[in-house]
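The values are calculated or read from the model by the stated rules, or taken from the named source; none is laboratory data. Just so it is clear, the model here is predicted, and its values are computed rather than measured. For neighbour counting, all protein chains shown are included, and Cβ atoms are generated from backbone atoms with ideal geometry for every residue, glycine included.
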Amino acid sequence: MKEYLEKILQAKVYEVAKKTPLEKANNLSNTFKNNIYLKREDLQDVFSFKIRGAYNKMRQLTKEQLSNGVITSSAGNHAQGVALSALKLNCEATILMPITTPLVKVNAVKNLKAKVILFGDNYDETYKEAIRISEEKKLCFIHPFDDPDVIAGQGTIAIELEQQLKEPPYAIYVAVGGGGLISGISIYIKNIWPEVKIIGVEPEDANAMFRSLEESKIVELKSVGQFADGVAVKKVGEKTFEIGKKFIDKMITVNTDEICAAIKDVFEDTRSILEPAGALSIAGMKKDIFECNYSNKKLVTIACGANMNFERLRFVAERAELGECKEVMMAVEIPERAGSLIEFCKLLNNRNLTEFSYRMSSSKNAQIFVGVEVYGSIDKQNLLNNFTNSNYAFVDISNDELSKNHLRHMVGGRLPHNIQEFIKKEKVELLYRFEFPERPGALINFLKNMKSNWTISIFHYRNYGADVGRIVIGVLINKNDIKEWVKFIKLLGYKHWNETNNETYKLFLGASD
């Protein structure tokens, strides 16, 4: 690793990059009883650390290479780094970005005079096409993470941390996609402060480094979640994997709700809004503090990006309360009689309701969809214990994706009785949840490929301002047509979940007795 260390020390990044501040997060520090610091890479001119590695690589290209032009593939932040570097070095840049890339990132690259080509639904498809074009047109490919000079550029963050911290922290938390950032930081930090813990953080649905280190070989994921698009990589780099094996002390995975809560945490401390990948390290740190019961330790997180679509904030705000354990969502069964709602509310002990959906039923019991404000995991458990000890049947649905994305907006309707009787004789109702790339025509393409004799009985779609669309659909089909339906959804190629036996579907939308 000596050659990497030398490259980091010799890296030339400050012609375009800033030395970013290291700020104490006072609210987070007080809440979690530790001294928590944010390394503000979101304050770079392109709102991400990626400018460091991209410029360090491109500054070392020959005049001939620069005159031919460069090409890269990126979900957004590396693309901006390459585009700005090309502008500085008077070089033409071609940037391939996934079709699902947030518009704020696409426009940012175009504003830097780079040529943008939208291709593929994820980074890996985009990467393969960029490599093909680079070979065809003899363009120098600037790798987003698996290149020694790119890794060295990201490593300059660690030099700044040494100067700003003066003494070693307990741990440094770093977001991991392909592994370039954590590789550069860990090489330098482990050389000067070998006792410092280097902890990587990934989304649960894009955990390529976690899986690879666990199995001691590079694991290629079949699919990756797109919420934290900046780290949506199916396979880490060969070089970054080898560095990770040597220097990463632990990997942590977090879910979407935990990422949303971290975005809110940073906003409350700095009044700045990180993108999901940019807030990963904070989400992982919070989870690590809770699981390991840390106190009075100096902890550093890398706030690595802030290229956030404004429209996505609606989704983030909605899910942050669940992510920081400030809301519980429950399905509760109450007797269908006068006064039962009042009796139910008494059990909440004057807690604030965040959501409440109820519809009168013709049966003996009614189902309520309710969101209740709580104050952390202990308070949440106390509330659930109260319901366990009561006479109410209930289900905690705080972690049920169907409920959080769809059913909360759909409670209160069931099939007409005449249709229910018809179903029992001739047809079956299936309920499926789908995720698809949020691009023009994707939803229409889904619908127009359905068979005309399949009746849609439930349909819910909501645009969250994200790069994936989410729908839930119920279909009435002949019982002997089920194989055709299964064939249809396989041909579509979209991620999907069979929710026909989901308990909350049966409670709120299924046929009544």
Number of the condition not met by T500 [criteria: (1) surrounded by fewer than 20 Cβ atoms within 10 Å (Cβ to Cβ); (2) of a type outside the set (G, A, S); (3) under 14 Å from K451 (Cα atoms)]: (3)
First in the stretch 468-490 and more than 22 Å from V224 (Cβ to Cβ) and in the same structural domain as E429 (by TED's automatic domain parsing), second anywhere and acidic (D, E) and in a helix (DSSP H, G or I), Cβ under 8 Å, 6 or more apart: I477/E484
Candidates I263, I243 - the one that is closer than 16 Å to F315 by Cβ and at pLDDT 95 or above: I263
Residues of the stretch 373-399 classified as out of contact with any strand residue (DSSP E or B) (no Cβ under 8 Å at 6 or more places or on another chain) and among the charged types (D, E, K, R), total: 1
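Please pick out the residue among G510, G474, G493 that is modelled with pLDDT under 85 and surrounded by fewer than 14 Cβ atoms within 10 Å (Cβ to Cβ).
Just one listed residue meets the conditions, G493.
Please return the ranges of helices (runs of 4 or more DSSP H) entirely within the stretch 1-76 where 1 or more residues are over 24 Å from the mean Cα position of the chain (by Cα), at pLDDT 95 or above and within 27 Å of M308 (Cβ to Cβ). Spell out how you get there, then give the answer.
Values: elements: 2-10, 26-32, 50-58, 63-68.
Per the criteria, 26-32, 50-58.
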First in the stretch 112-127 and touching a residue at least 60 places away in the same chain (Cβ under 8 Å), second anywhere and of a type in the set (D, E, K, R), Cβ under 8 Å, 6 or more apart: N122/K234; Y123/K234; D124/K234; D124/K235
So A11, is it closer than 28 Å to K138 by Cα, out of contact with any Cys (no Cβ under 7 Å at 6 or more places or on another chain) and outside the structural domain of N191 (by TED's automatic domain parsing): no
Residue list for the stretch 5-18, filter: out of contact with any Ser or Thr (no Cβ under 8 Å at 6 or more places or on another chain), in contact (Cβ under 8 Å) with a residue 24 or more places away in the chain and either more than 17 Å from L84 (Cα to Cα) or of a type in the set (A, V, I, L, M) (or both): L5, K7, L9, Q10
Boolean, L443 is over 30 Å from E327 (Cα atoms) and either under 27 Å from the mean Cα position of the chain (by Cα) or modelled with pLDDT of 70 or more (or both): yes
Filter pass, V411 being on the phi < 0 side of the Ramachandran plot, touching a helix residue (DSSP H, G or I) at 6+ places or on another chain (Cβ under 8 Å) and modelled with pLDDT under 85: yes
Filtered residue count, the stretch 177-200, keeping only those that are charged (D, E, K, R) and within 26 Å of the chain's Cα centre (by Cα): 1
Sole exception among (1) crowded, with 19+ Cβ neighbours inside 10 Å; (2) of a type outside the set (D, E); (3) farther than 30 Å from N293 by Cβ for L66, by number: (1)
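Report whether or not E238 is out of contact with any helix residue (DSSP H, G or I) (no Cβ under 9 Å at 6 or more places or on another chain) and more than 22 Å from G376 (Cβ to Cβ). Lay out the reasoning, then the answer.
Details: out of contact with any helix residue (DSSP H, G or I) (no Cβ under 9 Å at 6 or more places or on another chain): yes; more than 22 Å from G376 (Cβ to Cβ): yes.
It is true that E238 is out of contact with any helix residue (DSSP H, G or I) (no Cβ under 9 Å at 6 or more places or on another chain) and more than 22 Å from G376 (Cβ to Cβ).
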Members of the stretch 109-146 that are part of a helix (DSSP H, G or I), surrounded by fewer than 21 Cβ atoms within 10 Å (Cβ to Cβ) and not β-branched (V, I, T): K110, N111, D124, E125, K128, E129, R132, S134, E135, E136, K137
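Mind listing whichever residues of the stretch 471-513 are part of a helix (DSSP H, G or I) and in contact with a Ser or Thr (Cβ under 6 Å, 6 or more places away or on another chain)?
The initial filter retains those residues of the stretch 471-513 that are part of a helix (DSSP H, G or I), namely 479-492, 503-508.
Across the stretch 471-513, the qualifying residue is only T504.
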Hits in the stretch 378-398 (condition: in contact (Cβ under 8 Å) with a residue 40 or more places away in the chain and not acidic (D, E)): K380, L383, L384, F387, S390, Y392, A393, F394, V395, I397, S398
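Residues in the stretch 75-100 that are in contact (Cβ under 8 Å) with a residue 40 or more places away in the chain and either buried (at least 24 other Cβ atoms within 10 Å of the Cβ) or in the same structural domain as L43 (by TED's automatic domain parsing) (or both): how many?
Of the stretch 75-100, the ones in contact (Cβ under 8 Å) with a residue 40 or more places away in the chain are 75-78, 80, 82, 84-85, 88, 94, 98-100.
Cutting the leftovers down to either buried (at least 24 other Cβ atoms within 10 Å of the Cβ) or in the same structural domain as L43 (by TED's automatic domain parsing) (or both) gives us 75-78, 80, 82, 84-85, 98, 100.
Adding up the residues that qualify gives 10.
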